[in-house]
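Participant: Below are the structure tokens for one structure; questions will follow.
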Amino acid sequence: MTDQQKAEAQSFKDAICEDVPDFYSRKSRDAIGRAAGRYLQSVRLTPTELLHSTRHQRAFSDAGQTLMQAVQKTAIAQVKGTQMPVSERVRRLYELTDSLHKDCLQKLEKEPPAKLDKGNLPDLMTARSGEKPAEHAFRVRAVLTETLNGVNDWVKKFETLYDLGHTITGIEAFGHFDPFIAEILRAPDAAKNIFGEMRSTGEEVERLMALHRGEIEPFQAPDKPANAKKFYTLAKSGYIPETRDVILRLLVRALESSGKLTNGNLGAELEQVRSIYNKMNTPNGFLGGDECRSALEKREASLLSDETIDLVVGGRIEVPDKILMALQLRKGAISEKGLDYLSRYVTSVMGQPDFERAVRNSEGGLEDKLALLAKVFKQARANKFPPRIEDRICNIVEELQASILEQSDFYKKLEARSATTAAKALKVIDLLAEGTVVGSGNVKIARKAAHDFMKKPDFLESYLADSSDAQKKKAMLKNLEQRLKAAGLA
């Protein structure tokens with residue numbers, strides 16, 4: 001079952017109606033739109049219009065097997081996983097739809113809805129004394145349904161709703177217009193024909209986020225189609241919770257598509273995926289819920305694969321740089337698959353001879369090689385790997401660093417240098433203080449070497465040899481104390 005089929009099945013379960021008023025809820029109207037979608041699209045009708053017009057209801061019922069198919073589709077989804085037979089739920093739904101039609105007929109015969117115009121709209125929209133909210137909503141939406149009767153084009157329906165509500169009552173009065181607009185936008189290509197289409201998937205995602213949040217200005221609307229500016233105005237100022245939900249659906253669809261988010265390389269694409277993820281991960285929850293989160297996680301996982309990883313981490317750069325890049329990428333991973341893949345990538349590459357060979361042959365002297373390994377070590381510690389993997393990476397670094405120090409005979413050569421005892425000691429102290437020597441074994445050896453130099457009788461004398469007065473000596477001793485603390489020697 002596809003994600004779309006799962007969403008549809010869940011929508012039917014979320015919209016189980018047991019009484020006539022239940023049909024008017026947002027979830028029920030959504031389910032009606034899915035169950036009878038083919039018919040509604042063919043006649044350019046929204047579920048809200050169907051619920052508020054006996055004329056539309058009769059046409060729906062008379063359209064061959066359309067009603068029967070919609071009822072059966074709904075019943076099958078709603079009884080799945082329960083003990084209720086499908087036939088029983090079908091019977092109950094027929095009873096409810098019959099009651100809905102009779103209830104609607106009674107209300108509309110009592111007060112036939114008039115079409116809205118600039119003269120009667122304020123009176124027809126205003127709640128009457130003693131009128132309950134549900135009664136008011138039905139009456140107003142029946143009037144809007146009558147106003148849209150005969151308008152058989154989605155764009156024209158939007159124009160009618162927008163122009164009436166905006167020019168006469170202001171954007172803030174769009175509460176009753178909202179369901180109609182939301183249901184219009186669910187139609188294929190309706191959104192594209194109303195507020196346009198961006199050049200790339202990435203631009204579309206950014207725009208949909210801005211539209212949903214109302215963080216968009218009418219002047220940002222494209223010149224075409226003609227209604228784009230109207231929709232941007234609505235998104236900026238209107239009370240349109242249902243329409244914003246549909247914008248989220250469009251956002252999910254865009255993220256689930258195969259279109260790239262950028263025109264850059266795979267590294268830029270990954271960066272954009274994570275940037276969008278961070279924007280959507282708000283203190284009030286993830287924008288678009290699990291669907292958007294899952295879509296972004298799938299995008300990340302597709303970028304972090306055996307086929308793409310070398311391009312993502314920089315193409316033909318040196319192996320140690322690839323490791324550093326992969327570790328940096330892992331810190332920003334948004335999915336478990338991304339974390340797991342990058343963990344395996346790092347441990348795999350570091351376990352191969354190419355890694356050691358590349359470190360040994362890297363440009364620079366011994367200290368540069370030690371510093372390179374220290375970077376890998378620190379990045380691994382900062383990555384919050386599972387302990388077993390972190391230990392494996394750090395052990396590889398520590399052992400390689402120990403091997404390089406041993407083969408270079410670093411400490412013996414340092415002892416033999418024609419430099420002062422203080423200069424030799426400070427060389428080791430600074431390596432420790434800067435974190436260039438890593439791993440308990442290597443640090444222990446380095447600290448012993450530093451202590452051995454500091455124990456020599458001429459250490460302090462040679463250290464203070466350039467100080468000419470007491471004040472300068474005091475400052476130099478203070479500096480030495482700080483360096484020793486940083487090196488873990490004080």
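The values are calculated or read from the model by the stated rules, or taken from the named source; none is laboratory data. Just so it is clear, the model here is predicted, and its values are computed rather than measured. Neighbour counts are summed over all protein chains in view; Cβ atoms, including those assigned to glycine, are modelled from backbone coordinates with ideal geometry. Ligands, DNA and RNA are excluded from the accessible area calculation, which covers all protein heavy atoms including side chains. Shrake-Rupley method; radii C 1.70, N 1.55, O 1.52, S 1.80 Å.
Participant: Once neighbouring chains are kept in place and the probe is 1.4 Å, which whole percent of the accessible area of region 345-490 is contributed by carbon and sulfur?
Facilitator: For region 345-490, the apolar C and S fraction of the accessible surface comes to 51 percent.
Participant: Is the shape of region 267-399 rounded, prolate or oblate, going by the alpha carbon gyration tensor and its root eigenvalues a ≥ b ≥ c, with a/c under 1.5 for rounded and a/b larger than b/c for prolate?
Facilitator: Here region 267-399 falls in the prolate category.
Participant: Among SER275, PRO112, ALA127, which residue has its Cα positioned farthest towards the positive end of the charge dipole of the chain, with +1 placed on the Cβ of Lys and Arg, -1 on the Cβ of Asp and Glu, and the dipole taken about the Cα centre?
Facilitator: SER275
Participant: Using the heavy atoms of the protein chains and a 1.4 angstrom probe, tell me the accessible area per residue for the chain in square angstrom.
Facilitator: I get 52 Å² per residue for the chain.
Participant: Subtract the Cα-Cα distance of SER258 and GLU461 from 0.36 nm times their separation in residues, and report this length gain in nm to one decimal.
Facilitator: Stretched out fully, the SER258 to GLU461 stretch lengthens by 66.1 nm.
Participant: Considering all alpha-carbon pairs of region 1-114, what whole percent are spaced by more than 16 angstrom?
Facilitator: Beyond 16 Å sits 60 percent of the P(r) for region 1-114.
Participant: For region 245-307, with all protein chains present and a 1.4 Å probe, just round the carbon and sulfur fraction of the accessible area to a whole percent.
Facilitator: 44
Participant: Provide the per-residue ³J(HN,Hα) series for region 449-463, in order, calculated from phi with Karplus coefficients 6.51, -1.76, 1.60 and θ = phi - 60°, each as a whole number of Hz, with x at glycine and proline positions.
Facilitator: Listing the rounded values in order: 4, 4, 4, 4, 5, 6, 6, 5, x, 8, 4, 5, 5, 5, 5 Hz.
Participant: Contour minus end-to-end for SER99 and ARG58, with contour as 0.36 nm per residue of separation and end-to-end as the Cα-Cα distance?
Facilitator: Here the answer is 13.4 nm.
Participant: So what is log10(I(q)/I(0)) for region 117-241 at q = 0.10, 0.13, 0.23 1/Å, when the Debye sum runs over its Cα atoms only?
Facilitator: With no solvent term, the Cα-only Debye profile gives -0.33, -0.55, -1.46.
Participant: How much of the accessible area of region 106-148, in percent, comes from carbon and sulfur atoms when a 1.4 Å probe is used?
Facilitator: 53
Participant: Which log10 I(q)/I(0) values does the chain give at q = 0.06, 0.14 Å⁻¹ under the Debye formula, counting every alpha carbon as one identical point scatterer?
Facilitator: Calculated log10 I(q)/I(0) at the listed q: -0.50, -1.29.
Participant: Can you pull the one-decimal nm distance between simple spin-label points at LYS337 and ASP290, each 7 Å off the Cα toward Cβ?
Facilitator: The modelled label-to-label distance comes out at 1.6 nm.
Participant: Something else now. Rounded to the nearest 500, what is the chain's calculated 222 nm mean residue ellipticity when only DSSP H runs of at least 4 contribute -39500 (n - 2.57) each, over all residues?
Facilitator: Dividing the helical sum by the residues of the chain leaves -21000 deg cm²/dmol.
Participant: Mind giving me the FRET efficiency for SER403 and ALA475? R0 is 41 Å, r the Cβ-Cβ distance, nearest 0.05 is fine.
Facilitator: Efficiency at R0 = 41 Å is approximately 0.55.
Participant: Hey, another quick one. Rank GLY364, SER462, ALA490 by how far each Cα sits towards the positive end of the charge dipole of region 344-490 (+1 on Lys, Arg Cβ; -1 on Asp, Glu Cβ) and give me just the farthest.
Facilitator: Value: ALA490.
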